[in-house]
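What follows is a short report on a single structure.
The values are calculated or read from the model by the stated rules, or taken from the named source; none is laboratory data. Just so you know, these numbers come straight off a predicted model, no measurement behind them. A quick note on method: Cβ atoms are made from the backbone with ideal geometry, for glycine too, and the neighbour counts reach across all protein chains shown. The protein model used for the area step is the full one, side chains on, heavy atoms only, and it has no ligands, DNA or RNA in it. Shrake-Rupley method; radii C 1.70, N 1.55, O 1.52, S 1.80 Å.
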Amino acid sequence: MSYCVITSIEMKEDFLRYQAQTTPHPLAMEITGAEGSYIFDKKGNSYLDFIAGVSANSLGHKHPEVVKAIKQQLDAYMHVMVYGEYIQSPAVELTKLLASLLPDPLETTYLTNSGTEATEGAIKLAKKHTNRTQIIAANNAYHGNTQGAMSVMGFEERKQAFRPLIPDTHFIPFNDERSLNEITTKTAAVILETIQGGAGFIEPQNDYLKKVRARCNQVGALLILDEIQSGFGRTGTLFGFQNYDVIPDIIIIGKGMGGGMPVGAFTASKMLMDQLKDNPKLGHITTFGGHPVIAASCLATLKTLTSGSLINDTIKKELLFRSLLIHPLIKEIRGKGLMLALIFENEEIANHVILKSLENHLILFWLLFEKKAVRITPPLTISEDEIRKGCTVILKVLEDWESKNVN
Ligand SMILES: Cc1ncc(COP(=O)(O)O)c(C=O)c1O
């Protein structure tokens, strides 16, 4: 097949034909650049980004510290060896800094290529450590899309076509204390998102996580908290679980950790993590996990996040969103910090808000399972002026909906 320079119409056709699609209706904006809180398209439009690559661009687009660290590392070396054999300072410095920011005993980090792979590693570690097989997850949970991670996804409609998945996975309703007795001495681990994402940004209530922790201690099960979305400052603390006075045995991280680069990781005590190096050795392997360029990007992101007031400011910014987004069509604003979801009466209004806002150059997006919700997860670097500007668009499209739907 010959390759030639193509126009934008052809580019869209090629996108739909040659790049595997995940939905029948991709947004299909053709991107030419991105900087700070803005994304630019081929038509010359600039879009205010309230999504941050689905909670991934914690420092906005092309943050200078992140770009600098990546360029420096590119000039030194890229991939040199599979995970875990050579000493490469970006990965060592990153995991050491993480350990200094996490409570005991969370000390040792395994770096992976994505969040879903971190979920896989955490589940394997729990099975190996406890010598048990049962994993308990929550209804409407999302922990990734490979077959292991999908096994603990609490949404049957999206799993059915891929069964059989890994056996001995059980589901309990999130925030339901009565079902905690389903966690027993057969349970290897309970895996929960600290704040449920795809389900509609649902926070743990009434010390739920502490109660899960206590029950896990009682029966010798591990507690795995998925911090892939709630971590890296998004909810006002570096990690979401720090809001709820609980310390898990394993955390899964990713997304905002990379500053725009692909990454995942799981962290546990050194004693627990050592289970992956022996009997059998190579208990979890990856070629590219801990990649020096990605680790350099993560390190610069983490240093930047923790050296200023960005994390504290997320709560001020949340309050600003909440004060601006007052409208009869918005039934509720769920979530914490800059992990917010607008809840509408129905899916139709949510779709209208997302698509009409895009026409008005504001990027919003859906949640995985809760169709009445509109996601707001901007870069943590977003300014108050940008928040005001985006909220004005949302209120305008809501008025537009009302004017078209008066009886
Ligand atoms: C809570 C949670 N866990 C796991 C994942 C999977 O991460 P990744 O897409 O990097 O594999 C996601 C991604 O959306 C997530 O939100």
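When peptides 373-383, 279-289, 348-358 are ranked by their average number of other Cβ atoms within 10 Å per residue, the highest-first order is 373-383, 348-358, 279-289. Working note: Cα gyration tensor of the chain, eigenvalues times five, square-rooted, sorted largest first, giving semi-axes of 34, 27, 21 Å. Among 400-406, 232-238, sorting by the average number of other beta carbon atoms lying within 10 angstrom of each residue, highest first, gives 232-238, 400-406.
The equivalent ellipsoid of region 260-407 has semi-axes of 40, 19, 14 Å, largest first, where each one is the square root of 5 times an eigenvalue of the Cα gyration tensor. Bridge orientation summary for the chain: considering DSSP beta bridges with both residues in this region, about 60 percent are antiparallel.
As a rough guide to protection, the peptides 213-224, 115-126 ranked by mean Cβ packing within 10 Å, highest first, stand as 115-126, 213-224. Derived scalar couplings between HN and Hα for region 164-177 equal x, 10, 6, x, 6, 10, 10, 10, 10, x, 5, 6, 9, 5 Hz in order, rounded to whole Hz, by the Karplus curve 6.51 cos²θ - 1.76 cosθ + 1.60 (θ = phi - 60°), x for Gly and Pro. At q = 0.11, 0.24, 0.25 Å⁻¹ the log10 of I(q)/I(0) for region 300-363 amounts to -0.36, -1.05, -1.09, computed by Debye summation with a single uniform scatterer per C-alpha, solvent ignored. Evaluated at q = 0.12, 0.15, 0.18 Å⁻¹, a Debye calculation over the C-alpha positions of region 64-307 (equal weights, vacuum) places log10 I(q)/I(0) at -0.65, -1.01, -1.41.
In this view, the solvent-accessible surface of Val82, computed with a 1.4 Å probe and all protein chains in place, comes to about 60 Å². Estimated from helical segments only, the mean residue ellipticity of the chain at 222 nm is -11000 deg cm²/dmol, where each DSSP H run of four or more residues counts as -39500 (n - 2.57).
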